[in-house]
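Contents: one structure, followed by commentary.
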Amino acid sequence: MATLCMSSSSLVKLHQISPFIHSSFPANPNLLRRYFTAVNYVPESLKLRARVSLFPFFFTKSEDTESLKQELLEAIAPLDRGAEATPEDQKLVDQIASKLEAANKVKEPLKSSLLNGKWELLYTTSQSIVQTKRPKFLRANGKIYQAINADTLRAQNMETWPFFNQATANLVPLNARRVAVKFDSFTIASLIPIKNRGSGRGELEITYLDEELRISRGNQGNLFILRMVDPSYRVPL
């Protein structure tokens with residue numbers, strides 16, 4: 001908030017046109033001093049309010065994004081990849097993810113080299129992955145990975161302990177951030193290959209992408225949050 005200041009020329013003009021100042025100045029110079037002090041006075045509360053109102057502008061978009069990422073990671077940390085998430089947990093995670101998606105700088109992720117590599121799945125709402133209706137010993141308890149190579153339009157899903165299942169797929173771009181996923185082969189326990197006959201299909205939209213984190217949404221409304229672990233990984237052709 002700007003304060004009102006007057007130049008010496010303004011004082012002369014004011015002295016000439018103001019009967020109050022002209023008549024009081026010779027008799028009481030302190031009165032003139034108090035007058036201009038009042039004109040230039042800005043209450044401390046207003047100064048503080050002005051400083052506070054400007055404070056958010058000192059935050060850069062990247063700083064805001066980093067704080068949202070940290071908030072998201074803290075929210076999903078105790079949820080066992082989504083298996084322990086309550087409806088309230090899912091709502092909170094979705095809200096934070098939506099804020100990050102709104103701040104996404106990579107508008108065409110399928111054209112970005114940041115997409116390439118091996119990603120670890122940190123959280124999902126997909127029941128086909130978390131399998132909460134099964135006993136825990138019948139679920140994938142080890143880490144789960146998804147690899148994508150945008151240049152070859154190939155993807156690979158990899159489970160670790162205890163099943164070590166894998167699936168590979170071709171990606172068909174639908175726009176700059178959405179692909180159709182067509183699985184072409186599965187491997188059970190890393191030993192038994194099964195060629196897919198075209199039944200495994202879906203869609204995936206990449207809604208947030210940077211060097212460390214990826215957020216994707218499936219065509220059935222499922223949310224996927226992944227962390228980059230190996231940008232050099234190549235999906236088998």
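The values are calculated or read from the model by the stated rules, or taken from the named source; none is laboratory data. Since we're looking at a predicted model, the values are computed, not measured. Neighbour counts run over all protein chains shown; Cβ positions are idealised from the backbone, glycine included. The protein model used for the area step is the full one, side chains on, heavy atoms only, and it has no ligands, DNA or RNA in it. Shrake-Rupley method; radii C 1.70, N 1.55, O 1.52, S 1.80 Å.
Numbers for the structure displayed
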read-out: Virtual spin-label span in nm between L92 and T152, 7 Å along Cα→Cβ; value: 4.1 nm
read-out: Options L73, P87, I129, ranked by Cα towards positive dipole end of segment 72-135, top entry (Cβ charges); value: I129
read-out: Rounded accessible area per residue of segment 65-169, 1.4 Å, Å²; value: 51 Å²
read-out: Sparse-neighbourhood loop sites, trypsin sites (Lys or Arg not before Pro) in segment 121-188 - DSSP loop, at most 16 other Cβ within 10 angstrom; value: K133, K143
read-out: Three-way shape label, segment 60-148, alpha-carbon gyration tensor, a/c 1.5; value: oblate
read-out: All aspartates and glutamates inside 13 Å of K118 as judged from Cα atoms, apart from same-chain residues fewer than 8 positions distant; value: E159, E211, E212, D230
read-out: Overall form of segment 90-137 per C-alpha gyration tensor (a/c, 1.5; a/b vs b/c); value: oblate
read-out: Loop trypsin sites (Lys or Arg not before Pro), segment 61-129, which have at most 14 other Cβ atoms in a 10 Å radius of their Cβ (DSSP); value: K105, K107
read-out: Out-of-range pairs (alpha-carbon distance over 27 Å; input K99/K136; K143/K182; K111/K195; K91/K195); value: K99/K136; K111/K195; K91/K195
read-out: Phi-based couplings in Hz for segment 209-222 (Karplus 6.51, -1.76, 1.60; Gly and Pro marked x); value: 8, 8, 5, 10, 10, 9, 10, 10, 10, x, 6, 9, x, 6
read-out: Shape of segment 101-178, Cα gyration tensor, a/c cut at 1.5; value: prolate
